1. What does the charge count around B:PHE59 come to, taking other residues whose C-beta lies under 9 Å from its C-beta (Lys +1, Arg +1, Asp -1, Glu -1)?
2. Write down the radius of gyration of the protein assembly as shown and its Dmax, each obtained from C-alpha positions, in Å.
3. Which distance in nm do the two modelled labels at A:GLN41 and A:THR2 give, with both placed 7 Å along the Cα-to-Cβ direction?
4. Rounded, prolate or oblate: which one fits region B:52-95, using the alpha carbon gyration tensor with axes a ≥ b ≥ c (rounded when a/c is under 1.5, else prolate when a/b beats b/c, else oblate)?
5. With a 1.4 Å probe, what is the total accessible area buried between chains B and A, in Å² rounded to the nearest 100?
6. Tell me, what % of the accessible area of chain A is carbon and sulfur with a 1.4 angstrom probe?
7. In a shell of Cβ-Cβ distance under 9 Å around A:THR31, excluding A:THR31 itself, what net charge do Lys and Arg (+1) and Asp and Glu (-1) give?
8. Say we join alpha carbon atoms closer than 10 Å with springs in a Gaussian network model of chain B; which of B:PHE70, B:PHE59, B:PHE14 then has the biggest fluctuation?
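The values are calculated or read from the model by the stated rules, or taken from the named source; none is laboratory data. For clarity, every value in this text was computed on a predicted model and none was experimentally measured. Cβ placement follows ideal geometry from the backbone for every residue including glycine, while neighbour counts extend to all protein chains displayed. These accessible areas exclude ligands, DNA and RNA; they are computed on the full protein's heavy atoms, side chains included. Shrake-Rupley method; radii C 1.70, N 1.55, O 1.52, S 1.80 Å.
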Amino acid sequence: ETGVTQSPTHLIKTRGQQVTLRCSSQSGHNTVSWYQQALGQGPQFIFQYYREEENGRGNFPPRFSGLQFPNYSSELNVNALELDDSALYLCASSRGAASETQYFGPGTRLLVL
Amino acid sequence: AQRVTQPEKLLSVFKGAPVELKCNYSYSGSPELFWYVQYSRQRLQLLLRHISRESIKGFTADLNKGETSFHLKKPFAQEEDSAMYYCALKGGNTPLVFGKGTRFSVIA
(Lines give C-alpha, C1' and ligand atoms only; values in the text may rest on other atoms or scores of the structure.)
Protein backbone atom coordinates (compact mmCIF):
# COMPACT_ATOMS: atom_id res chain seq x y z
CA GLU A 1 0.00 0.00 0.00
CA THR A 2 1.54 3.31 -1.12
CA GLY A 3 1.37 6.17 1.36
CA VAL A 4 0.57 9.80 0.70
CA THR A 5 3.21 11.57 -1.35
CA GLN A 6 3.71 15.27 -1.96
CA SER A 7 5.79 17.26 -4.41
CA PRO A 8 7.93 19.23 -4.40
CA THR A 9 9.54 18.84 -0.96
CA HIS A 10 10.81 22.42 -0.89
CA LEU A 11 10.00 25.52 -2.90
CA ILE A 12 11.14 29.13 -2.92
CA LYS A 13 8.99 31.81 -4.55
CA THR A 14 8.79 35.59 -4.50
CA ARG A 15 5.86 37.78 -3.54
CA GLY A 16 3.18 37.98 -6.20
CA GLN A 17 4.08 34.70 -7.84
CA GLN A 18 1.83 31.68 -8.13
CA VAL A 19 2.55 28.16 -6.88
CA THR A 20 1.11 24.69 -7.41
CA LEU A 21 1.63 21.92 -4.88
CA ARG A 22 0.78 18.31 -5.60
CA CYS A 23 -0.46 15.40 -3.55
CA SER A 24 -1.03 11.74 -4.36
CA SER A 25 -3.48 10.08 -2.03
CA GLN A 26 -3.02 6.71 -0.44
CA SER A 27 -4.34 3.76 -2.42
CA GLY A 28 -8.07 3.29 -1.85
CA HIS A 29 -8.63 6.81 -0.52
CA ASN A 30 -11.02 9.20 -2.27
CA THR A 31 -10.71 12.23 0.00
CA VAL A 32 -7.88 14.72 0.27
CA SER A 33 -7.54 17.52 2.82
CA TRP A 34 -4.97 20.32 2.70
CA TYR A 35 -3.50 22.05 5.72
CA GLN A 36 -1.15 24.98 6.24
CA GLN A 37 1.27 24.72 9.14
CA ALA A 38 3.07 27.93 10.00
CA LEU A 39 6.17 27.79 12.19
CA GLY A 40 5.28 27.00 15.79
CA GLN A 41 1.63 26.35 14.98
CA GLY A 42 -0.54 23.32 14.49
CA PRO A 43 -1.88 22.44 11.04
CA GLN A 44 -4.72 24.70 9.91
CA PHE A 45 -7.39 23.35 7.57
CA ILE A 46 -7.49 24.93 4.11
CA PHE A 47 -10.03 22.76 2.26
CA GLN A 48 -11.07 19.21 1.51
CA TYR A 49 -11.83 17.46 -1.77
CA TYR A 50 -14.11 14.45 -1.97
CA ARG A 51 -14.66 12.71 -5.29
CA GLU A 52 -13.36 15.72 -7.24
CA GLU A 53 -15.60 18.28 -5.49
CA GLU A 54 -14.67 20.77 -2.78
CA ASN A 55 -16.21 19.51 0.44
CA GLY A 56 -15.51 22.14 3.05
CA ARG A 57 -13.21 25.12 3.31
CA GLY A 58 -11.38 26.82 6.15
CA ASN A 59 -10.74 30.50 6.68
CA PHE A 60 -8.48 31.06 3.68
CA PRO A 61 -8.91 33.66 0.91
CA PRO A 62 -10.02 32.71 -2.62
CA ARG A 63 -6.45 32.94 -3.91
CA PHE A 64 -6.06 29.50 -2.31
CA SER A 65 -7.72 27.07 -4.69
CA GLY A 66 -7.57 23.38 -5.42
CA LEU A 67 -8.39 20.53 -7.68
CA GLN A 68 -8.92 16.82 -7.34
CA PHE A 69 -8.42 14.50 -10.28
CA PRO A 70 -10.24 11.25 -11.20
CA ASN A 71 -7.40 9.24 -9.66
CA TYR A 72 -8.01 11.26 -6.43
CA SER A 73 -4.68 13.03 -6.53
CA SER A 74 -4.94 16.72 -5.77
CA GLU A 75 -3.37 20.11 -6.33
CA LEU A 76 -3.24 23.19 -4.15
CA ASN A 77 -2.79 26.45 -6.02
CA VAL A 78 -1.91 29.72 -4.37
CA ASN A 79 -2.01 32.94 -6.39
CA ALA A 80 -0.47 36.32 -5.58
CA LEU A 81 1.84 34.87 -2.95
CA GLU A 82 2.39 36.86 0.24
CA LEU A 83 5.22 36.59 2.74
CA ASP A 84 2.82 35.09 5.30
CA ASP A 85 2.14 32.18 2.96
CA SER A 86 5.53 30.79 3.95
CA ALA A 87 4.70 27.55 5.72
CA LEU A 88 4.64 23.77 5.55
CA TYR A 89 1.72 22.60 3.44
CA LEU A 90 0.36 19.20 4.40
CA CYS A 91 -1.88 16.94 2.44
CA ALA A 92 -3.87 14.17 4.11
CA SER A 93 -5.96 11.47 2.51
CA SER A 94 -8.75 9.39 3.97
CA ARG A 95 -11.19 6.68 3.02
CA GLY A 96 -14.25 8.88 2.72
CA ALA A 97 -15.07 12.44 3.71
CA ALA A 98 -16.38 11.48 7.14
CA SER A 99 -13.53 9.14 7.94
CA GLU A 100 -11.91 9.76 11.29
CA THR A 101 -8.46 8.66 10.22
CA GLN A 102 -6.42 10.88 7.95
CA TYR A 103 -3.04 9.83 6.64
CA PHE A 104 -0.60 12.67 6.18
CA GLY A 105 2.05 13.25 3.57
CA PRO A 106 5.51 14.57 4.39
CA GLY A 107 4.58 18.11 3.39
CA THR A 108 5.91 20.78 1.05
CA ARG A 109 7.88 23.59 2.65
CA LEU A 110 7.18 26.88 0.87
CA LEU A 111 9.29 29.97 1.41
CA VAL A 112 8.06 33.26 -0.01
CA LEU A 113 10.67 36.01 -0.29
CA ALA B 1 -16.28 28.07 17.50
CA GLN B 2 -14.09 25.05 17.91
CA ARG B 3 -10.81 25.51 19.69
CA VAL B 4 -8.07 23.24 20.99
CA THR B 5 -5.61 24.46 23.60
CA GLN B 6 -2.37 22.74 24.49
CA PRO B 7 -1.02 24.86 27.33
CA GLU B 8 2.50 23.44 27.29
CA LYS B 9 4.67 24.39 24.34
CA LEU B 10 7.56 22.35 25.77
CA LEU B 11 7.57 19.52 28.27
CA SER B 12 10.51 17.45 29.49
CA VAL B 13 10.48 14.51 31.88
CA PHE B 14 13.07 11.97 33.00
CA LYS B 15 12.99 8.47 31.60
CA GLY B 16 10.63 6.34 33.66
CA ALA B 17 8.64 9.31 34.95
CA PRO B 18 4.89 9.56 34.34
CA VAL B 19 3.73 11.55 31.33
CA GLU B 20 0.78 13.88 31.00
CA LEU B 21 0.32 16.10 27.96
CA LYS B 22 -2.58 18.46 28.46
CA CYS B 23 -5.31 19.23 25.97
CA ASN B 24 -8.41 21.32 26.54
CA TYR B 25 -11.08 22.00 23.98
CA SER B 26 -14.01 24.26 23.28
CA TYR B 27 -16.97 22.86 21.36
CA SER B 28 -20.68 23.06 21.97
CA GLY B 29 -21.61 19.63 20.63
CA SER B 30 -20.20 16.13 21.01
CA PRO B 31 -16.62 16.20 19.77
CA GLU B 32 -14.33 13.55 18.46
CA LEU B 33 -10.86 13.98 19.93
CA PHE B 34 -7.54 12.75 18.60
CA TRP B 35 -3.87 12.79 19.43
CA TYR B 36 -1.42 13.01 16.55
CA VAL B 37 2.33 12.55 16.90
CA GLN B 38 5.27 13.58 14.77
CA TYR B 39 8.59 11.89 15.49
CA SER B 40 11.80 13.49 14.29
CA ARG B 41 12.06 13.40 10.49
CA GLN B 42 8.76 11.55 10.16
CA ARG B 43 5.32 12.59 9.01
CA LEU B 44 2.39 13.44 11.23
CA GLN B 45 0.52 10.29 12.24
CA LEU B 46 -2.49 9.39 14.31
CA LEU B 47 -1.59 8.13 17.78
CA LEU B 48 -5.02 7.50 19.21
CA ARG B 49 -8.64 8.66 19.19
CA HIS B 50 -11.05 8.80 22.07
CA ILE B 51 -13.75 6.82 20.32
CA SER B 52 -11.52 3.74 20.17
CA ARG B 53 -10.69 3.80 23.89
CA GLU B 54 -7.44 2.02 23.08
CA SER B 55 -3.89 2.20 24.36
CA ILE B 56 -1.20 2.80 21.78
CA LYS B 57 2.49 2.55 22.71
CA GLY B 58 1.40 2.67 26.33
CA PHE B 59 -0.44 5.97 25.88
CA THR B 60 -4.06 6.50 26.89
CA ALA B 61 -6.37 9.49 26.80
CA ASP B 62 -9.78 9.87 28.36
CA LEU B 63 -12.33 12.38 27.20
CA ASN B 64 -13.59 14.39 30.17
CA LYS B 65 -16.63 16.31 28.98
CA GLY B 66 -17.08 18.05 32.32
CA GLU B 67 -13.60 19.54 32.20
CA THR B 68 -13.53 19.64 28.38
CA SER B 69 -10.18 17.90 28.44
CA PHE B 70 -8.46 15.05 26.61
CA HIS B 71 -5.11 14.70 28.33
CA LEU B 72 -2.60 12.16 27.02
CA LYS B 73 -1.03 9.95 29.66
CA LYS B 74 1.59 7.26 29.99
CA PRO B 75 2.80 5.73 33.26
CA PHE B 76 6.51 5.53 32.38
CA ALA B 77 8.22 7.71 29.77
CA GLN B 78 10.60 6.11 27.29
CA GLU B 79 13.24 7.87 25.23
CA GLU B 80 11.46 6.94 22.00
CA ASP B 81 8.43 8.92 23.16
CA SER B 82 10.26 12.18 22.42
CA ALA B 83 8.27 13.89 19.67
CA MET B 84 5.87 16.67 18.80
CA TYR B 85 2.33 15.91 19.98
CA TYR B 86 -0.81 17.54 18.63
CA CYS B 87 -4.30 17.30 20.04
CA ALA B 88 -7.10 17.65 17.47
CA LEU B 89 -10.87 17.96 17.52
CA LYS B 90 -13.52 17.10 14.97
CA GLY B 91 -17.10 18.22 15.47
CA GLY B 92 -19.82 16.75 13.27
CA ASN B 93 -19.07 17.52 9.62
CA THR B 94 -16.47 20.13 10.45
CA PRO B 95 -12.80 19.58 9.65
CA LEU B 96 -10.06 18.69 12.08
CA VAL B 97 -8.95 21.55 14.31
CA PHE B 98 -5.46 21.16 15.76
CA GLY B 99 -3.83 22.63 18.82
CA LYS B 100 -0.45 24.31 18.56
CA GLY B 101 1.35 21.22 19.77
CA THR B 102 3.63 20.24 22.64
CA ARG B 103 7.28 19.39 22.08
CA PHE B 104 7.87 16.49 24.45
CA SER B 105 11.36 15.35 25.42
CA VAL B 106 12.45 12.44 27.57
CA ILE B 107 15.70 12.95 29.43
CA ALA B 108 17.81 9.81 29.74
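1. Details: positive: B:LYS57, B:LYS73, B:LYS74; negative: B:ASP81.
For residues surrounding B:PHE59, the net value is +2.
2. Calculated on Cα positions, Rg and Dmax stand at 17.5, 51 Å.
3. It works out to 3.2 nm between the two label points.
4. Prolate, since a/c reaches 1.5 and a/b exceeds b/c.
5. Values: alone 6480 and 6050 Å², together 11110 Å².
Adding both sides of the contact gives about 1400 Å².
6. Values: 2590 of 5340 Å².
Here carbon and sulfur together make up 49 percent of the probe-accessible area.
7. On the way: positive: A:ARG51, A:ARG95; negative: none.
Surrounding charge for A:THR31 is +2.
8. B:PHE14
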